[in-house]
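Student: Mind looking over this structure? Questions follow.
The values are calculated or read from the model by the stated rules, or taken from the named source; none is laboratory data. Here the structure is a predicted model, which is why all the values come from computation and not from measurement. Cβ placement follows ideal geometry from the backbone for every residue including glycine, while neighbour counts extend to all protein chains displayed. Please note that ligands, DNA and RNA were not included when accessible areas were found on the heavy atoms of the full protein model with its side chains. Shrake-Rupley method; radii C 1.70, N 1.55, O 1.52, S 1.80 Å.
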Amino acid sequence: MTDRPGTGRLVAWASIVGALAALGYAGRFTGGKLPKDPLYRWDEFVGGLIQFLVLLGLMLLVARGLPKRRTFALRRPASWGRAAAVGLGVVVVVAVASVLLDPVLHPNKEQGLTPTRWEPAHAGAFAANFVVVALLAPLVEELTFRGLGFTLLERFGRPAAIVLVGIAFGLAHGLVEALPLLVLFGSALAYLRSRTGSVYPGMILHALYNGFVLLAAVKFFHTGALQTVL
């Protein structure tokens, strides 16, 4: 492979994301009832850990031979102040969308990931799953979608890349009712990446959002409709 993103890399990236989406929707429609409070289960931690490490490995394989800092946008944003301002706008947009969509689509009920109450007996499993959902998942997903994905799709123009990354991010989660919120969040993070030239602000915002939602779910905070992990 050369040091320029080519069509072959885009096809490979799209195939991996498509396979991830296909597996997600297959499980969604054929997997039966979701287990109750999965974040209190150690097998959920092991499965999530393996999934994200494999995905990261595949992204590194697709990007082999490319300059990693440029390809994955692993650089400081041009302005942390601008990054914070755009990030705040993303939070406001997603929060408003969550409040508006929750009574209609109930995305959190479909996802079934956040616990319904705090269970001290399962604190160890929850802490392990918290690391996966609030730290590992945002890191790998940002590198996959706003990093490599955005770079490969930018040939179609930045507006197209922002929308396509958002759609890919949403579909990769394998959800139906939560899809509009996921696409919005994915596109908003792609816009943040576009404005800052860096994947780091998106990683931070994504991690903070997921972490806050998980803590809110076990009643450390009150968030209302903000209970969908992205």
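Student: Before we move on, is Leu135 surrounded by fewer than 18 Cβ atoms within 10 Å (Cβ to Cβ), under 30 Å from Asp37 (Cα atoms) and under 14 Å from the mean Cα position of the chain (by Cα)? It would help to see each step written out before you state the result.
Tutor: Numbers: surrounded by fewer than 18 Cβ atoms within 10 Å (Cβ to Cβ): yes; under 30 Å from Asp37 (Cα atoms): yes; under 14 Å from the mean Cα position of the chain (by Cα): yes.
In short, yes.
Student: For the stretch 51-93, enumerate the residues that are open to solvent by less than 60 Å² (accessible area, probe 1.4 Å) and farther than 23 Å from Leu148 by Cβ. Let's see the steps before the verdict.
Tutor: Going residue by residue through the stretch 51-93, those that are open to solvent by less than 60 Å² (accessible area, probe 1.4 Å) are 52, 55-57, 59, 62-63, 65-67, 71-74, 77, 79, 81, 83, 86-87, 89-90.
Matches in the stretch 51-93: Ser79, Gly81, Gly89.
Student: Need at least 2 residues that are of a type in the set (Gly, Ala, Ser) per element, so show me which helices (runs of 4 or more DSSP H) inside the stretch 71-180 make the cut, counting only ones lying wholly within it.
Tutor: Working: elements: 80-105, 107-111, 123-131, 137-141, 150-153, 158-172.
Where helices (runs of 4 or more DSSP H) fall fully within the stretch 71-180 and carry at least 2 residues being of a type in the set (Gly, Ala, Ser), they are 80-105, 123-131, 158-172.
Student: Residues in the stretch 123-132: is at least one open to solvent by less than 20 Å² (accessible area, probe 1.4 Å) and either at pLDDT below 90 or under 17 Å from the mean Cα position of the chain (by Cα) (or both)? Walk me through how you get there before you give the answer.
Tutor: Filtering the stretch 123-132 down to residues open to solvent by less than 20 Å² (accessible area, probe 1.4 Å) leaves 125-126, 128-129, 132.
Then keep just the ones that are either at pLDDT below 90 or under 17 Å from the mean Cα position of the chain (by Cα) (or both); that gives 129, 132.
Yes, some residue in the stretch 123-132 is open to solvent by less than 20 Å² (accessible area, probe 1.4 Å) and either at pLDDT below 90 or under 17 Å from the mean Cα position of the chain (by Cα) (or both).
Student: Now for a different question. Here is a check on your reading of the model: is Pro107 surrounded by 14 or more Cβ atoms within 10 Å (Cβ to Cβ), within 17 Å of Val183 (Cβ to Cβ) and either modelled with pLDDT under 95 or aromatic (Phe, Trp, Tyr) (or both)? Spell out the reasoning first.
Tutor: Numbers: surrounded by 14 or more Cβ atoms within 10 Å (Cβ to Cβ): yes; within 17 Å of Val183 (Cβ to Cβ): yes; either modelled with pLDDT under 95 or aromatic (Phe, Trp, Tyr) (or both): yes.
Yes; evaluated as a whole, the condition is true for this residue.
Student: If you check every pair at least six apart or on different chains, which have Cβ atoms under 9 Å apart with a residue in the stretch 135-149 that is basic (Lys, Arg) and modelled with pLDDT of 95 or more first and a residue that is open to solvent by less than 10 Å² (accessible area, probe 1.4 Å) and assigned to a helix (DSSP H, G or I) second?
Tutor: What qualifies is Arg146/Val165; Arg146/Phe169; Arg146/Gly186; Arg146/Leu189; Arg146/Ala190; Arg146/Leu192; Arg146/Gly202; Arg146/His206.
Student: Keeping to the stretch 1-18, report how many residues are modelled with pLDDT of 75 or more, in a loop (DSSP other than H, G, I, E, B) and of a type in the set (D, E, K, R).
Tutor: 0
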